[in-house]
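Beneath this line is the structure, given in structure tokens, with notes to follow.
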Amino acid sequence: MKFIYESFACDVDTFFYNQDILVRFYDGSKEQEESEIINLVFVDPGYGYLLVKNKGENSALLSGFLDEDVFSTDEIVDAAISFIENLSPILKNKYMPYHIKRFKKTSFVEYNGEY
């Protein structure tokens, strides 16, 4: 599945649990196949995650983290919200307040098989 906004496009994984939805935004070309996972592996964390928690018949909560280098404007964040809202007919006409943090990558912790 793809998320597309103007000239930007990225891959999307969706995970459903009961009536909750988790969406991961990422570049699939940076993800190794199983046969490539030997010795030195760099795991790309992607561009962020959004989570919809269903809270009943009439409401849900939307939260998440999105990479500010990619989701740099309110308009592209709004497009990501619309994207997740359109994944399930259950979300139509629900009251869904949200809080989405844009983050900047500053450092990382990793184990890549080599060191």
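Read the figures in this text as sums done on the coordinates, not as results from a lab. Bear in mind that the values here come from a model prediction, so they are computed numbers and not experimental data. A quick note on method: Cβ atoms are made from the backbone with ideal geometry, for glycine too, and the neighbour counts reach across all protein chains shown.
Over 25 Å apart at the Cα level, from the set K30/K92; K2/K92; K55/K105; K2/K104; K30/K104; K2/K101, are K30/K92; K55/K105. Each Cα pair under 8 Å and six or more residues apart adds its separation to the average, and for the chain the resulting relative contact order is 24 percent. Applied to the range 4-15, the Karplus parametrisation 6.51 cos²θ - 1.76 cosθ + 1.60 on θ = phi - 60° returns per-residue 3J(HN,Hα) values of 10, 9, 6, 8, 9, 9, 8, 7, 9, 9, 10, 10 Hz, with x for Gly and Pro.
Annotation: extensible slack from S59 through K105 equals 13.3 nm (criterion: 0.36 nm per residue apart, minus Cα-Cα distance).
Grouping the Cα pair distances of the chain into 10 Å bins from zero gives a pair-distance distribution of 12, 40, 31, 14, 3, 0 percent in increasing distance order. Overall dimensions of the range 43-97, expressed as equivalent-ellipsoid semi-axes from the Cα gyration tensor (√(5λ), whole Å, largest first), are 23, 12, 9. The slack between N93 and S35, meaning 0.36 nm per residue of separation minus the straight C-alpha distance, is 16.4 nm.
Under a Gaussian network description of the chain, with springs only between Cα atoms under 10 Å, the residue in E34, E68, E57 that fluctuates furthest is E34. Its DSSP H runs of at least 4 residues, each contributing -39,500 (n - 2.57), put the calculated 222 nm mean residue ellipticity of the chain at -3000 deg cm²/dmol, to the nearest 500. With a cut-off of 15 Å between beta carbons, the residues surrounding P97 carry a summed charge of +2, where Lys and Arg count +1 and Asp and Glu -1. 3J(HN,Hα) along the range 72-80, derived from phi through the Karplus expression 6.51 cos²θ - 1.76 cosθ + 1.60 where θ = phi - 60°, amounts to 8, 10, 4, 5, 6, 5, 4, 5, 5 Hz, with x in place of Gly and Pro.
I want to make sure I understand the PRE zone here: with the label point 7 angstrom from the Cα of D44 toward its beta carbon, which residues in the range 6-26 have backbone N atoms less than 16 Å away? Correct set: 8-13, 24-26.
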